[in-house]
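Asker: Take this structure first; my questions come after.
The values are calculated or read from the model by the stated rules, or taken from the named source; none is laboratory data. What you see is a predicted model, and the numbers here were worked out from it, not measured in a lab. Cβ sites come from the backbone with ideal geometry, for glycine too, and all protein chains shown count toward neighbours.
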Amino acid sequence: MRLRGIINLLLVGVVLGGVVSCVPAKKVSEITDNYEKCEENRSYLASENARLEKESTENKADLERAEAKLKNLAKDTSRTGEQYRQLKYQYDRLLKTNAELVEKQDVLSSGSQRENKQLMSELLKVQEDLQAKEDSLKLLAYDLKVQKGELMQLNEDLKAREARVKELEDLLAQKDAAVNQLKNQIKEALVGFEDKGITVEQKNGRVYVSMEAQLLFGSGSTAVGSEGKQAVIQLAKALEGQSDLTVLVEGHTDSDKMSGRGAIKDNWELSAERAMAVVRIMLGNSELDPSILTAAGRGEFSPIASNDTPEGKAKNRRIEVILTPNLDKLFEILEDGDASATEE
């Protein structure tokens, strides 16, 4: 895609170079700048869309791993708690036994020295066992505290990731809903032209409005006819008030070469001039913001049908209006997420 974009830019440069003789230098520069910005935006949006999908997949995988770790920690905590209770029970029993032995020692203190030594030995053994159990109990209590801390931190991390994934999914859903609403709005505006060579479809997060040249132009002409002009005006009216999108108007031709005897020298120039003619009608008959509009010529190099048949050539001779929603909010979230990941 990047290579194709570079080739297109070079070809546009060639065309614009050829147009200098009949188009003011300022207009050529504006067309070049607009086309380059459009191609850069398209490449950037495609890259960010892929990155978004990849990050969403990675976040979901992270969530699954975190949930698995959470389950394992819960099991470990349960086992540690059970061990803690068993040791506590044993510890209490040893304390009781120790008390009984001390009582016996008091009672038998007047007994024989041999019996006293035996009782003392037993008492020391019990005390050693008690100390060992107490040490184990403290260690388990510490391990339990550490595991609980890890469990709480993991829960917090998991909630943060879930919130970010939810936010990304919500914005993606909003974007898709906005694109679908825009498509329906345009379809309603062009309801009278469905059978006259106009199609409206949604793909790759954009809305594509395709107008066959036979509705707009005569053969080899850049002047828009009355019926085609009405269709362009209705499209422009439907886009009024839309500030969160960019509008790229692309001219396309079939593979038949121009005769070269008229003002238009080749298909590149013809497609660019036709795109500019459509943009002028849109701006002259609506309140569209000129900053969101770009005109570009693609010549014969982006066909949608075979040029081996008259029907295919007719489909390839067209104007495509490509509407791309503004995804600045989505990019802000992605940038914030990248910054947070870097800090961690």
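Asker: Considering every residue within the stretch 122-134, establish whether at least one is acidic (Asp, Glu) and in contact with a Phe, Trp or Tyr (Cβ under 7 Å, 6 or more places away or on another chain).
Answerer: Scanning the stretch 122-134, I find at least one residue that is acidic (Asp, Glu) and in contact with a Phe, Trp or Tyr (Cβ under 7 Å, 6 or more places away or on another chain), so the answer is yes.
Asker: Using the structure shown, decide if Gly284 is small (Gly, Ala, Ser) and more than 17 Å from Ile31 (Cβ to Cβ).
Answerer: yes
Asker: What are the residue pairs meeting all of these: first residue in the stretch 206-228, first residue among the acidic types (Asp, Glu), second residue surrounded by 17 or more Cβ atoms within 10 Å (Cβ to Cβ), Cβ atoms under 8 Å, and 6 or more apart or on different chains?
Answerer: Pairs found: Glu212/Gly197; Glu212/Ile198; Glu212/Lys315; Glu212/Arg317; Glu212/Arg318; Glu227/Leu215.
Asker: Same structure, new question: Kindly list, by first and then second residue, each pair from a residue in the stretch 308-321 that is closer than 26 Å to Cys38 by Cβ to a residue that is assigned to a loop (DSSP other than H, G, I, E, B) and charged (D, E, K, R), limited to pairs with Cβ atoms under 6 Å and residues at least 6 apart or on different chains.
Answerer: Once the first residue is closer than 26 Å to Cys38 by Cβ and sits in the stretch 308-321, its partners that are assigned to a loop (DSSP other than H, G, I, E, B) and charged (D, E, K, R) give Lys313/Asp254; Asn316/Asp254; Arg317/Asp254.
Asker: Just to be sure I understand, how many residues within the stretch 282-308 are part of a helix (DSSP H, G or I) and crowded, with 20+ Cβ neighbours inside 10 Å?
Answerer: Going through the stretch 282-308 one residue at a time, the tally reaches 1.
Asker: Can you tell me which residue within the stretch 188-215, out of those that are assigned to a helix (DSSP H, G or I) and surrounded by fewer than 18 Cβ atoms within 10 Å (Cβ to Cβ), is farthest from the chain's Cα centre (by Cα)?
Answerer: Gln214
Asker: Criterion first (within 30 Å of Asn59 (Cα to Cα) and not hydroxyl-bearing (Ser, Thr, Tyr)) does Asp157 satisfy it?
Answerer: Yes, satisfied.
Asker: Name the residue, out of Glu212, Glu194, that is in the same structural domain as Ile322 (by TED's automatic domain parsing) and modelled with pLDDT of 90 or more.
Answerer: Glu212
Residues are listed down the side, and each one gets a yes or a no for (1) modelled with pLDDT of 80 or more; (2) part of a helix (DSSP H, G or I); (3) of a type in the set (A, V, I, L, M, F, W, C):
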site: Gly17; (1), (2), (3): no, yes, no
site: Glu36; (1), (2), (3): yes, yes, no
site: Glu39; (1), (2), (3): no, yes, no
site: Arg51; (1), (2), (3): yes, yes, no
site: Lys54; (1), (2), (3): yes, yes, no
site: Leu94; (1), (2), (3): yes, yes, yes
site: Lys104; (1), (2), (3): no, yes, no
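Asker: Looking at Glu167, Glu122, Glu115, Glu134, which is the one that is under 30 Å from Asp62 (Cα atoms), assigned by TED's automatic domain parsing to the domain that holds Lys75 and among the acidic types (Asp, Glu)?
Answerer: So the residue among Glu167, Glu122, Glu115, Glu134 that is under 30 Å from Asp62 (Cα atoms), assigned by TED's automatic domain parsing to the domain that holds Lys75 and among the acidic types (Asp, Glu) is Glu167.
Asker: Separate question: Hey, Val146 hits all of (1) modelled with pLDDT of 85 or more; (2) in the same structural domain as Arg79 (by TED's automatic domain parsing); (3) surrounded by 12 or more Cβ atoms within 10 Å (Cβ to Cβ) but one; which does it fall short on?
Answerer: Condition (3) is where Val146 drops out.
Asker: Can you name the condition, by its number, that Asp244 falls short on among (1) touching a Phe, Trp or Tyr at 6+ places or on another chain (Cβ under 9 Å); (2) in contact (Cβ under 8 Å) with a residue 60 or more places away in the chain; (3) surrounded by fewer than 20 Cβ atoms within 10 Å (Cβ to Cβ)?
Answerer: Single failed check for Asp244: (1).
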